[in-house]
Each structure stands twice: as C-alpha cells, then as structure tokens.
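Down below is the structure, laid out as structure tokens.
Read-outs: derived from the displayed coordinates by stated rules, not from any lab. The structure presented is a predicted model; accordingly, all values stated were derived computationally and were not measured. Glycine also receives a Cβ, built like all others from the backbone with ideal geometry; neighbour counts cover every protein chain displayed.
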Amino acid sequence: MGSTSDTYVNVLEAVVNCERVSELKAYFASEFNRSPSFIVRCSGRVNIIGEHVDYCGFPVLPMAIEQTILLAVAPTEDNLIHLKNINPKYKPFKCNINTFTIDLPEASGPEWYKYFLCGVKGILEHIAPQNPKGMAVVLSGNIPPASGLSSSSAVVSASVLCSAYLHNVPLVKQTLATVSADCERYIGTQGGGMDQAIAFLAKQGTAQFIEWNPLKATPVHLPNNAVFVIANSLSEANKAATSDFNQRVVECRLACRFLAKKMQLNWRDIWRFAELQKALNYSLEEMETLTKTYLTQLAYTRQELLEVFEMERDDFVENLLTANTRESEVFKLRQRALHVFQESIRVKTFVEIAQQPTDGTIHLMKQLMRQSHESLRTLYECSHPNLDRLVELSDKLGIGARLTGAGWGGCIVALCDGIDQSLQYIGHLKK
C-alpha cells in the first residue's frame, strides 16, 4: 500500500519486492504456512520545526523519512490476532480480537505489541463491525526505536491501516490519521496528532505544514540546496515509559486555563492554547505578551492552582491531570507557555521564508532551528546532555540543529547548506 492519492491511501495491485519485503513475505510463509494477503507500509518522520505545539493546536512542519514499518497481513477464521515480529528481540503475541485489553505496566514502557493493539481497537471502535476478523500479522521495522522518529506511532498507524483494509473501511487519509491519533492515547500518551498525520499525508520531496481543526496538510518545498541530516544521540527516549511527556501536556493545559480565567473566559471549555488565541482574537506575539503579564511565577504549587481555579482537590485531579501526573505538586506554566508561543512564531517564520526563498534562506532557517533547540532545552526542559552535545558540535561547524521528537533523548535534525557541507558534517559526527 502506498499513498499517492490526495484523499485515499493508494492500494497497489503489485507489491514492490525489495529485499525487506521479500524477507517479510518469506518469514510470514514460514510462520503461518501461507502467503500474506497484503503488505502495509508506514513511514517514520522527522519534525523539522514545531516541537510540542501540536497538542496545543498549533501547526507543525514534519516530513516523512525512508525508514518504515512493514506489516504482512492475512485474515484468519479463528477470531484471533496472531502477531509476530521479524526481530527476535520482540516476543510473539496472540489474543482474541473480541476480548483483548490494553493494560499498561506501572514502571516501564508498554510492550511492542500494545501499539499494534491500539490501532486495532481504534478501528473497531470507529466502525463497530458485527464480526471482527482475526488476522495473522508479521511486523518488520527499521525505524530506530525510542529515537524521536515516530517508530511507535508508525506501528499504530500501520495497524489502523491494515485493520481498516481488512474490514473494508474506506481508506480516507484524514480519517485514518485522526483515528490513529485518538487511539494512540490508549497507550497513555496525550500527543497531538503530528506523527499520525504525516504518516498518512506525507508527499515525496516536500515537508508538510500541518494544521488542525480541521486537519489540513500543505506541501512546503524546501530550498534546493538544503540537506537535512538526522543524528542519533543513542540515548533512548520512550515517552510512554515516564510521566515527563504528559507532565508537559498538563502544564500547557493548566497554563491555557489559567490565562483563560484571567481573561474572564469560560476556562473549563478552553484547554488548548490555539482555542484561547482564537477566543481572544490575538496574534501569537500578543499571546506571548499575555503570558508574560499573567504567568509571573517560575513555578506554581498545586495548592496555588487550587486557589486560582477555585477548585477542590479531587475535582482538580480528576479533570485537570492525567493518570500518570496525579502525584505532581509543582507546575511550570510560564516556561511551557512561552515555548509554545515562541516556537509557533518560529514555525510560521520558517514556512514564510521557505515560500519566498532568497540567498539567505538557509542561514535564517539554521538560526530558527538553533533557537528552537535552546527553547526546548531551557523553557521546555526536554533535552538531554547527549542531544546538547550534538547541537553544540553542529553550531561550531556552522550547522543549524535541534532535537526532533519529544526529546529526553533520541535524535537531532540538522540543516546543511549543500551536499559538501553535509558530508563534512557527517564525517565530524562519526569521529
């Protein structure tokens, strides 16, 4: 399955038999004594700029990468999901499609197969079929796990796609992207939808400016001489394994409602910064000023927020926190809000200069990427020493770089001016 149509995921009659696909088909045949009925492919992604703003309702600028999740799939008659992974590191799994649950461990990240189950559950809840079909599935992935390149979201999206196709659901890209974003929350993370949107809406040769409500992707052509390098810090970052990611989401929602209350709006109905901006009819710059005016403390205790919102503790915990942030006592609202508004300004500026290129476009883009990383390091506090070292090295070499993905490890994305600079840069990274 490919994705050339603007509206629907393209279904190819013949599978391109590259080495990975041939290996996948052979493995499937050896495990299930039959050939797969179809193959699903879903790409990873790199976010060029716009980190931690999608779940606040603001646009982002990702692009797909060539690393993918592949699924070989065939329907079964036994109402079971038989799930295997080519990589022996990941144990096989089997469950009944009518009765499975997605239980999360207390102290570690979810098992690999639970991301697949998220996608199945998402489609089953979306279409509520009378007789869900069992399936035999083998997964092959070459997206580095816990690297910030969306390996887990690619598994969820691939699962949504294969489950939809198996149950004759129209393969509308925007619908599948929305279902994928919604159902990944079964794993416990409160993401915003960027990873799933680019998985379905990517186009070869361009980045995508992705907007929300409604979901819309606009191709952005980057300068001809721009070369992007992805470098792995080798520090794994599993955002479902800790509360760090959800803590940032909660802090943004609290900051949004704090400002909404200060502006005498119905704050309980406003939980994304983009909704607040629309209600106030403010520019991003005005939202930044609003943040500096009202969010004056570097940190707020739970008790202080209870007083601001005039809430009881149980109401606060139940309605404003997530399951894995209910023990949090201190919240950094000012820093998180400032990052979101300033980063959104950077995204807007990046796209504008890409659409009207000059001789200095790549230089300006590099500056924006450096500013983005510094904000993620100091205001959002989601970097990692190994990421910072890579960015510092990049800066010394005249390269614009930033962490990409949620952070706390994973990869950086670096912008080079031409092939020669990129080759020299890669040489320095390998030393």
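Listed by chain and number, the lysines whose alpha-carbon sits under 19 Å from that of LYS430, ignoring those within fewer than 8 places in the same chain, are LYS396.
Lys/Arg Cβ at +1, Asp/Glu Cβ at -1, dipole of the chain taken about the Cα centre: which of GLY193, SER22, ASN87 is farthest positive-ward? So the residue furthest toward the plus end is SER22. For the residues SER159, SER147, SER235, a GNM of the chain with alpha-carbon springs under 10 Å puts the largest fluctuation on SER235. Against the chain, whose longest principal axis is taken from its Cα atoms, helix 151-166 shows a tilt of about 50°. More than 20 Å apart: what percent of Cα pairs in segment 93-212 qualify? It works out to 41 percent of all Cα pairs. Annotation: aspartates and glutamates with alpha-carbon distance below 20 angstrom to LYS133 (same-chain offsets under eight excluded): GLU31, GLU77, ASP78, GLU125. Would you mind classifying segment 244-336 by shape? Square roots of the alpha carbon gyration tensor eigenvalues, ordered a ≥ b ≥ c; an a/c under 1.5 is rounded, otherwise it is prolate if a/b is larger than b/c and oblate if not. It is prolate, given that a/c is not under 1.5 and a/b is the larger ratio.
Here's the picture: charge each Lys and Arg Cβ at +1 and each Asp and Glu Cβ at -1 in the chain, and of ASN98, SER140, GLY44 the one pushed furthest to the positive end of that dipole is SER140.
Just to verify a number: FRET efficiency for HIS428 and HIS363, C-beta to C-beta distance, R0 = 22 Å, to 0.05?
Result of the calculation: an efficiency of 0.65.
Converting phi to 3J(HN,Hα) with the Karplus coefficients 6.51, -1.76 and 1.60 and the offset θ = phi - 60°, segment 128-139 yields 6, x, 5, 10, x, 8, x, 7, 9, 9, 10, 10 Hz in sequence order, with x at every glycine or proline.
Which of the lysines could be linked to LYS216 by a straight reach, that is with a Cα gap under 18 Å, when you skip same-chain ones fewer than 8 residues away? By straight Cα distance, LYS216 reaches LYS173, LYS203, LYS278, LYS348. Each label was represented as a point 7 Å from its Cα along the Cα-to-Cβ direction; for ASN87 and GLU31 these points are 1.4 nm apart. Each eigenvalue of the Cα gyration tensor of the chain, multiplied by 5 and square-rooted, gives one semi-axis; in descending order these are 35, 28, 20 Å. Sequentially through segment 43-56, phi angles give Karplus couplings (6.51, -1.76, 1.60; θ = phi - 60°) of 7, x, 8, 10, 8, 6, 7, x, 8, 6, 10, 5, 6, 9 Hz, Gly and Pro residues having no value and appearing as x. Relative to one another, the C-alpha centroids of segment 68-147 and segment 153-198 are positioned 13 Å apart. Annotation for THR289 and GLN204: the two label points, set 7 Å from Cα along the Cα-Cβ direction, are 4.8 nm apart. Residues CYS256, CYS95 in ascending order of nearby Cβ atoms (within 10 Å, fewest first): CYS95, CYS256. With the charge dipole of the chain set up from +1 on Lys and Arg Cβ and -1 on Asp and Glu Cβ about the Cα centre, the Cα lying farthest toward the positive end among the listed residues CYS256, LEU166, LEU280 is that of LEU166.
Quick one: putting +1 on the C-beta of Lys and Arg, -1 on the C-beta of Asp and Glu, what dipole do you get for the chain around its Cα centre, in Debye to the nearest 20? Display every interim value, and only then the final one.
Values: 42 positive and 45 negative charges, 102 e Å.
With Lys and Arg at +1 and Asp and Glu at -1, about 500 debye.
Taking neighbour counts of Cβ atoms within 10 Å as a proxy for exposure, in what order, fewest first, do MET369, MET63 appear? Could you put the intermediate results ahead of the total?
Numbers: MET369 26, MET63 22.
Ordered by Cβ neighbours within 10 Å, fewest first: MET63, MET369.
Measuring r between the beta carbons of SER235 and ASP395 and using R0 = 30 Å, the FRET efficiency lands at 0.95.
In whole Å, what is the distance between the alpha-carbon centres of segment 306-381 and segment 237-267? Rounded to whole Å, the Cα centres lie 10 Å apart. The charge dipole of segment 373-414, taken about the Cα centre with unit charges on the Cβ atoms of Lys, Arg (+1) and Asp, Glu (-1), comes to about 80 debye, rounded to the nearest 20.
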